[in-house]
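All remarks here apply to the structure that follows.
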Amino acid sequence: MSNQTAMAQRGLMPITIQNITLTLNERMLIDDLSCIIKSDGISVIMGPNGAGKSLFMRCLHGLAKPDMGQILYADTPLDSLIRQQQSLVFQTPTILRRTVLANLLFVARQRGIDDPKISMDYLAQLQLDHLAQHPARLLSGGEKQRLALARALIINPAILFLDEATSNLDPASIETIETNLQSVSKQGMKLILVTHDVGQAKRLADDVLFLHHGKLAEHSPAKSFFQKPKSAAARAYLAGKLVL
């Protein structure tokens, strides 16, 4: 990862979320949520089903717009220029009807990256180089998600969002993805990921945002969150109990 990424990341941090609220069909999905994400490394968003995790991430990336409140990147409101410095990997990736390499080249060339060797390097990084000329639509689920991550990384984003990106994948793909996430984080990229996998959160998280009923129940360093969670909802969740 270049120094350019680290500089861009510093230019976008901290992320300040101020009293955001989002209602859909008269249902409050995000409820007066405020926090500051200022840590380097990997921030993990956790919580029970329906807590608002993915919707909160979509707000951070600009795919959903809060009814009230604002999101600031280093005191600048979220706009298209900031979004250009971000990537998002969805739980179910969209794969183009072309080869694995052509999928990556399509994204790379939109950002002025014309050298196919760079794309091949990213495929090798995600252990897909031997499938470069393979039809991408015929990849396994884990291979498709590794390709999606390669497409997200090749644009060298300052901030990478991942929404349940390893859900239901094979262990080998999960290991490859997590290894790459840890690597780019150490090189200066800010990562924010949603996961329901407590084990994954323990392996990756530097800090944890725990949501419950659209509210931020807790935002703590990972070590203290897993050893001694402050909120009753988080304690129940980590104990494997039903969180209503």
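Yes or no, residue by residue, for (1) hydrophobic (A, V, I, L, M, F, W, C); (2) touching an Asp or Glu at 6+ places or on another chain (Cβ under 8 Å); (3) part of a loop (DSSP other than H, G, I, E, B):
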| residue | (1), (2), (3) |
| --- | --- |
| LEU88 | yes, yes, no |
| ARG97 | no, no, yes |
| ALA102 | yes, no, no |
| VAL107 | yes, no, no |
| GLN145 | no, no, no |
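Every test in (1) under 18 Å from the mean Cα position of the chain (by Cα); (2) β-branched (Val, Ile, Thr); (3) crowded, with 16+ Cβ neighbours inside 10 Å is passed by ILE30 save one, and that test is (1). Just one of the numbered conditions (1) free of Cβ contacts under 8 Å to residues at least 24 places away in the same chain; (2) under 12 Å from the mean Cα position of the chain (by Cα) is not true of ILE159: (1). Taking every residue in the range 118-143 that is basic (Lys, Arg) and pairing it with any residue that is part of a helix (DSSP H, G or I) and surrounded by fewer than 17 Cβ atoms within 10 Å (Cβ to Cβ), at least 6 positions away or on another chain, yields no pair with a Cβ-Cβ distance below 6 Å. Note on the range 167-198: residues that are over 23 Å from PHE226 (Cα atoms), among the polar types (S, T, N, Q), crowded, with 17+ Cβ neighbours inside 10 Å and touching a residue at least 40 places away in the same chain (Cβ under 8 Å) total 2. Test ALA201 against the stated conditions and say whether it is without any contact (Cβ under 8 Å) to a residue 60 or more places away in the chain, in a helix (DSSP H, G or I) and not charged (D, E, K, R). Considered against the rule, which asks whether it is without any contact (Cβ under 8 Å) to a residue 60 or more places away in the chain, in a helix (DSSP H, G or I) and not charged (D, E, K, R), ALA201 comes out as no.
Residue count for the range 229-242 under the criterion of being surrounded by fewer than 18 Cβ atoms within 10 Å (Cβ to Cβ), touching a strand residue (DSSP E or B) at 6+ places or on another chain (Cβ under 9 Å) and in a loop (DSSP other than H, G, I, E, B): the result is 2. Residues considered: ASP115, ASP79. Of these, the only one that is surrounded by fewer than 13 Cβ atoms within 10 Å (Cβ to Cβ), free of Cβ contacts under 8 Å to residues at least 24 places away in the same chain, of a type in the set (Asp, Glu) and under 26 Å from VAL208 (Cα atoms) is ASP79.
Considering LEU138, LEU153, LEU104, the condition of being surrounded by fewer than 17 Cβ atoms within 10 Å (Cβ to Cβ) and at pLDDT 95 or above is satisfied by LEU138 alone. In the range 1-60, the qualifying residues are those that are among the charged types (D, E, K, R) and within 18 Å of GLY188 (Cβ to Cβ), and the one that is modelled with the lowest pLDDT is ARG10. Can you list residue pairs whose Cβ atoms sit under 6 Å apart, with the first residue in the range 55-66 being within 17 Å of GLN84 (Cβ to Cβ) and the second being of a type in the set (D, E, K, R) and surrounded by fewer than 20 Cβ atoms within 10 Å (Cβ to Cβ)? Count only pairs 6 or more apart in sequence or on different chains. Hits for this filter: GLY62/ARG83.
The values are calculated or read from the model by the stated rules, or taken from the named source; none is laboratory data. The structure presented is a predicted model; accordingly, all values stated were derived computationally and were not measured. Methodologically, a virtual Cβ is constructed for each residue, glycine included, from the backbone with ideal geometry; neighbour enumeration extends over all protein chains shown.
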